[in-house]
Amino acid sequence: MMTLSPSAAVPSGASPTVNPAFAAYAFEERSFYSYTNFTLSKNLLAQAAARTNSRPAIRVGGNSLNSANYVSDPSTSIIIPERGQNLPIPGNITLGPAFWDCFNAFPNAQYIVNVPMNDFAKGNKSSDVGTTTTMAEDAWKTIGSDNILAFELGNEPNSYPGTYEPSDYATQFQQYSDSINEALGLSSNDPIYLAGGLSYPALKEWNAPNMFSSGLSSMKSRFASFSVHFYQGQDRASVNLQDLLSHSRIVKQVAIYVPQIQYVCSLSPSIPFDFGETACSVGQIQNPDYVLERALGAALWQVDFMLYTMTLGVNRVHMQSGYGFEFSLWQPSAFGTEPAAVYANYYAQIFAGDFIGKSGKMQAIQLDTGNSDTLTAYAAYDAGVLRRVAIANLGYFDGTQQAQSARSSQSFTLAVPEGVANVTMQTLSAPNGATEIDTANITWAGMTYTLENDGMAQSVGNASTVLPVTNGHVTLSVAQSQAVMVFFGAQGNSSAAGASSSMSSTVTASSTGRTTSVVATGSATATSAGASATATHKNAASGLEDQAGSVMGAVYAAIFCVLAVMASV
């Protein structure tokens with residue numbers, strides 16, 4: 001039996017207020033255009049955003065962007081060379097002004113727009129400032145200034161060949177941002193740029209303190225955030241699910257960034273720190289061992305990674321997706337031999353959203369679980385008051401090879417705030433445990449998210465379990481390869497996406513991904529809210545007050561889904 005004793009009021013050492021759009025997204029440039037064409041994508045984004053009353057924060061870019069050509073023909077959107085049609089990251093794609101139209105397919109989203117800088121892939125020592133400025137102008141006009149969080153200049157500059165150094169990056173950044181600012185009528189103090197965008201691991205001189213001392217300090221008022229990329233498993237041949245399900249490994253590999261998080265947040269003005277492109281490991285579908293990235297175990301890794309980095313003061317974690325990426329949250333249509341599907345990792349976005357909640361005033365802290373490498377726990381405080389506790393059991397269980405009787409559990413005694421008479425518990429789990437890759441067999445709070453339902457939540461079991469409080473404590477068990485969330489009082493999110501046994505919103509799509517009908521039914525017991533919050537360039541979004549139990553909350557979530565899919569009609 002392990003005892004967890006979170007304080008009833010937010011303790012010292014808790015995180016700053018967590019960005020409601022913390023659970024963010026990233027899409028490879030070549031893939032994003034196609035992702036926007038499907039109702040599946042719109043539904044999944046809308047339901048996750050409804051958990052926190054936030055606007056989805058989406059980074060679009062990557063290696064295919066940094067080697068892209070840009071043409072002025074207004075009818076050109078994206079052209080992928082024939083030899084790159086079946087590659088996840090093709091080289092020498094061509095973009096045009098019509099490409100930016102696809103960003104409006106997600107009407108409530110806000111974007112980090114990646115544009116080229118120092119494009120060595122085309123053999124140039126310095127890419128064309130004028131062309132990049134034109135790209136930024138076209139994006140600004142089409143996407144709209146209120147929907148652009150930041151421009152990201154270049155991609156992974158620490159991976160550029162040759163002798164490219166932080167001082168070169170700062171010099172170019174000044175040149176490019178000055179040109180874009182002049183074209184858009186912005187001042188040098190408008191925080192509309194993302195700095196860094198460094199590949200993992202960013203070593204030697206490529207760290208925030210050195211980059212700022214090498215020239216970025218003079219431009220710090222321009223930065224909306226500082227970003228690095230993070231892929232925990234770099235050598236995939238030596239990584240398996242057992243290796244991945246290790247909290248100490250997360251802590252060790254994130255440790256190199258903790259001083260950088262503290263550094264940029266201590267600047268004046270403070271600069272938020274993002275993991276701008278993130279996944280459990282790196283590789284493409286050609287590797288047959290892709291079960292690593294598409295199983296429930298990877299989703300549990302993502303839950304622990306997101307909640308842990310949340311406690312460190314990270315602003316956003318952008319989970320990477322794209323055609324041919326095993327670690328994607330979903331794939332809306334077939335690519336090569338891989339069919340369209342919702343992947344287990346998407347459940348981690350929903351879980352993190354429910355942990356953050358709707359108050360817009362949440363702070364997080366990690367709870368003491370001793371020296372365990374597989375048991376982790378976190379507490380969420382809304383406006384200073386304990387509201388939720390999340391517990392993950394990263395112990396490895398493979399139901400395809402082991403009998404259910406071999407699946408062990410860890411018992412916990414959890415201290416409950418005074419005056420709380422009952423708590424509810426919701427569970428993220430699958431019968432086969434860590435190796436489950438079929439999202440129809442994975443549930444969070446009794447819901448599944450599948451391609452067959454166009455990504456809409458479907459109730460397949462009990463949403464929550466009510467646990468009795470005895471002498472200020474509650475006892476619960478968490479099985480191997482499982483995560484739970486405990487809500488104090490009537491706060492369970494049994495239908496936070498606007499879909500439950502008592503109220504549901506379903507979107508029926510044709511084979512082209514366009515909406516053919518929308519149906520909403522139910523009574524006044526839903527617990528979701530989909531009203532969006534506005535955001536500034538400095539912060540992705542600010543949440544509204546918790547609307548659990550509100551019928552209007554569910555209605556707003558349904559309306560959001562309808563608006564999103566109508567954008568493609």
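Before moving on, here are some points about what is shown:
- Chain lengthening between S179 and N371 when straightened (0.36 nm per residue, less Cα-Cα): 63.9 nm
- Segments 61-69, 256-264, 42-50 sorted - mean Cβ within 10 Å per residue, highest first: 42-50, 61-69, 256-264
- Here the accessible area is traced with a 1.4 Å probe on the protein chains. For segment 1-76, carbon and sulfur cover 51 percent of it.
- Kirkwood Rh and Cα Rg combined as Rg over Rh, evaluated for segment 56-161: 0.95
- With all protein chains in place and ligands, DNA and RNA left out, the 1.4 Å accessible area ranks V466, V71, V113 as V466, V71, V113, largest first.
- The residues of segment 1-48 have, on average, 28 Å² of accessible surface per residue, using a 1.4 Å probe with all protein chains present.
- Inter-site label distance for S405 and E205 at 7 Å from Cα along Cβ, in nm: 6.4
- For the pair D101 and A440 in one chain, pulling the backbone fully straight at 0.36 nm per residue adds 118.7 nm over the alpha carbon distance.
- Overall form of segment 401-449 per C-alpha gyration tensor (a/c, 1.5; a/b vs b/c): oblate
- Probe 1.4 Å, protein heavy atoms only - accessible area per residue of segment 307-346 in square angstrom: 17
- Whole-number accessible area per residue in Å² for segment 112-228, which is evaluated in the context of all protein chains at 1.4 Å: 35
- Of the solvent-accessible surface of segment 245-352, computed with a 1.4 Å probe and all protein chains present, 60% belongs to carbon and sulfur.
- FRET efficiency for V251 and A421, using Cβ-Cβ distance with R0 set to 30 Å, rounded to 0.05: 0.25
- For the pair L467 and M2, the difference between a 0.36 nm per residue extended length and the Cα-Cα distance amounts to 165.7 nm.
The values are calculated or read from the model by the stated rules, or taken from the named source; none is laboratory data. Note that the coordinates shown come from a computational prediction; the quantities given were computed from them, not determined experimentally. Reconstructed Cβ throughout: ideal geometry from the backbone, glycine too, with neighbour counts over all protein chains shown. Calculation scope for accessible area: heavy atoms of the full protein, side chains included, ligands and nucleic acids excluded. Shrake-Rupley method; radii C 1.70, N 1.55, O 1.52, S 1.80 Å.
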